Amino acid sequence: MKKVLILFIFILTMTSCKYKITSPYSEYDISLGGNENKTLSVIDANASADEIINSLENNKKITGKNIIVVVGHISSSAIFDNMKIALKNESNVELDLSNAILDNDYTFTSADALFLKTVLFASTQKIIADFFKGCTSLANVQLPYSLISVNNASFDGCSSLKNVEYLGTSPNVITGTTLSGTKPTDLYLPNVSSQNDAWKNFLGIAWVNIHYGVSMPK
């Protein structure tokens with residue numbers, strides 16, 4: 001009777017848990033519209049090229065999009081180096097780093113990642129020079145509220161950049177910065193509800209459209 005009870009508790013625990021015990025990845029809850037919830041495969045900063053490919057394929061089956069979600073502390077270039085190997089033949093990749101953390105003194109970049117279309121940047125205080133240099137397909141970028149510095153050369157060669165989303169609430173936190181070499185047109189401020197003329201030249205860009213209280217499309 002005791003063995004039966006233990007078995008019953010084990011089965012109940014496994015069936016009520018949102019994690020798949022056969023999956024090598026963590027699970028990341030997302031909303032795909034309506035009442036439908038799905039889970040995405042998540043990788044950490046130590047993921048190999050094969051793990052990145054497997055995660056991409058899994059997420060593509062769920063969403064129909066090329067999505068990579070990286071979580072945790074990123075302390076080296078390994079994840080970006082392995083993505084360049086794994087995704088060299090891919091395009092329109094959305095890289096979600098919004099639940100990852102970069103030290104403020106990091107030195108590595110994702111330069112020349114031609115497969116990137118959308119990046120939700122990690123929690124950090126700065127974006128360093130050349131981080132997105134040569135990412136010619138990058139069209140959408142989300143900047144975290146923690147950001148206080150964007151190097152002028154961060155987006156060199158990002159000729160497709162169109163949409164910038166900023167999660168902060170003040171136009172004065174990031175100062176003395178221009179997105180040189182780019183011509184984004186649309187600024188999205190999901191956490192700012194009212195119009196303020198101070199946003200008109202945010203990041204040194206003369207924005208064509210400023211969307212208050214709205215997130216950028218992905």
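List, please: which pairs have Cβ atoms under 6 Å, are six or more places apart or on different chains, and start with a residue in the range 197-218 that is farther than 21 Å from Thr175 by Cβ and among the hydroxyl-bearing types (Ser, Thr, Tyr) and end with one that is open to solvent by 50 Å² or more (accessible area, probe 1.4 Å) and assigned to a strand (DSSP E or B)?
none
For the structure I just gave you, tell me whether Val141 is among the β-branched types (Val, Ile, Thr), farther than 19 Å from Phe80 by Cα and either open to solvent by less than 40 Å² (accessible area, probe 1.4 Å) or in a loop (DSSP other than H, G, I, E, B) (or both).
On the way: among the β-branched types (Val, Ile, Thr): yes; farther than 19 Å from Phe80 by Cα: no; either open to solvent by less than 40 Å² (accessible area, probe 1.4 Å) or in a loop (DSSP other than H, G, I, E, B) (or both): yes.
Judged against the criteria, Val141 is not a match.
Only one of these conditions is not met by Val119: (1) under 24 Å from Asp103 (Cα atoms); (2) open to solvent by 10 Å² or more (accessible area, probe 1.4 Å); (3) part of a strand (DSSP E or B). Which number is it?
Exception for Val119: condition (2).
Yes or no: Leu102 crowded, with 22+ Cβ neighbours inside 10 Å and either touching a residue at least 60 places away in the same chain (Cβ under 8 Å) or over 16 Å from Val164 (Cβ atoms) (or both)? Break it down into steps so the answer makes sense when it comes.
Numbers: crowded, with 22+ Cβ neighbours inside 10 Å: yes; either touching a residue at least 60 places away in the same chain (Cβ under 8 Å) or over 16 Å from Val164 (Cβ atoms) (or both): yes.
Against the criterion (crowded, with 22+ Cβ neighbours inside 10 Å and either touching a residue at least 60 places away in the same chain (Cβ under 8 Å) or over 16 Å from Val164 (Cβ atoms) (or both)), Leu102 qualifies.
For Ala129, state whether it is of a type outside the set (Phe, Trp, Tyr), over 25 Å from Asn66 (Cβ atoms), surrounded by fewer than 21 Cβ atoms within 10 Å (Cβ to Cβ) and more than 21 Å from the chain's Cα centre (by Cα). Spell out how you get there, then give the answer.
Working: of a type outside the set (Phe, Trp, Tyr): yes; over 25 Å from Asn66 (Cβ atoms): yes; surrounded by fewer than 21 Cβ atoms within 10 Å (Cβ to Cβ): yes; more than 21 Å from the chain's Cα centre (by Cα): no.
No, not satisfied.
Out of the range 40-62, which residues are of a type in the set (S, T, N, Q) and within 16 Å of the chain's Cα centre (by Cα)? Walk me through how you get there before you give the answer.
Initially, the range 40-62 is screened for residues of a type in the set (S, T, N, Q), giving 41, 46, 48, 54-55, 58-59.
Listed by number, the residues that qualify are Ser41, Ser55, Asn59.
Select, from Leu161, Leu114, Leu147, Leu167, the only residue that is open to solvent by 10 Å² or more (accessible area, probe 1.4 Å) and over 13 Å from the mean Cα position of the chain (by Cα). Reasoning before the result, please.
Working: Leu161 fails: open to solvent by 10 Å² or more (accessible area, probe 1.4 Å); Leu147 fails: open to solvent by 10 Å² or more (accessible area, probe 1.4 Å); Leu167 fails: over 13 Å from the mean Cα position of the chain (by Cα).
Criteria check complete, one pass: Leu114.
Restricting the first residue to the range 50-61 and requiring it to be in contact (Cβ under 8 Å) with a residue 12 or more places away in the chain, which pairs with a second residue that is crowded, with 17+ Cβ neighbours inside 10 Å and assigned to a helix (DSSP H, G or I) meet a Cβ separation below 6 Å and a spacing of at least six or different chains?
Once the first residue is in contact (Cβ under 8 Å) with a residue 12 or more places away in the chain and sits in the range 50-61, its partners that are crowded, with 17+ Cβ neighbours inside 10 Å and assigned to a helix (DSSP H, G or I) give Ile52/Asn82; Ile52/Met83; Ile52/Ala86; Ile53/Ala86.
Is one or more of the residues making up the range 65-77 polar (S, T, N, Q), touching a Ser or Thr at 6+ places or on another chain (Cβ under 7 Å) and either at pLDDT 95 or above or open to solvent by 20 Å² or more (accessible area, probe 1.4 Å) (or both)? Write out each step before concluding.
Our first condition is that a residue be polar (S, T, N, Q); within the range 65-77, this holds for 66, 75-77.
This time we only want the ones that are touching a Ser or Thr at 6+ places or on another chain (Cβ under 7 Å), so: none.
No: zero hits.
Only one of Thr182, Thr175 is open to solvent by 60 Å² or more (accessible area, probe 1.4 Å), β-branched (Val, Ile, Thr) and at pLDDT below 95; which? Before the answer, list the steps.
Details: Thr182 fails: open to solvent by 60 Å² or more (accessible area, probe 1.4 Å).
Residue meeting the stated conditions: Thr175.
Hey, among the residues in the range 192-217 that are open to solvent by 60 Å² or more (accessible area, probe 1.4 Å) and not in a loop (DSSP other than H, G, I, E, B), which one's farthest from Gln142 (Cα to Cα)?
That would be Asp197.
Right, Thr136: in a loop (DSSP other than H, G, I, E, B) and closer than 19 Å to Glu90 by Cα or not? Break it down stepwise before answering.
Details: in a loop (DSSP other than H, G, I, E, B): yes; closer than 19 Å to Glu90 by Cα: yes.
Taking the combined requirement at face value, the residue satisfies it.
The values are calculated or read from the model by the stated rules, or taken from the named source; none is laboratory data. These numbers were taken from a predicted model, which means no experiment stands behind them. Ideal geometry is used to build each Cβ from the backbone, glycine not excepted, and the neighbour counts take in all protein chains shown. Keep in mind that these areas ignore ligands, DNA and RNA; they rest on the heavy atoms of the full protein, side chains included. Shrake-Rupley method; radii C 1.70, N 1.55, O 1.52, S 1.80 Å.
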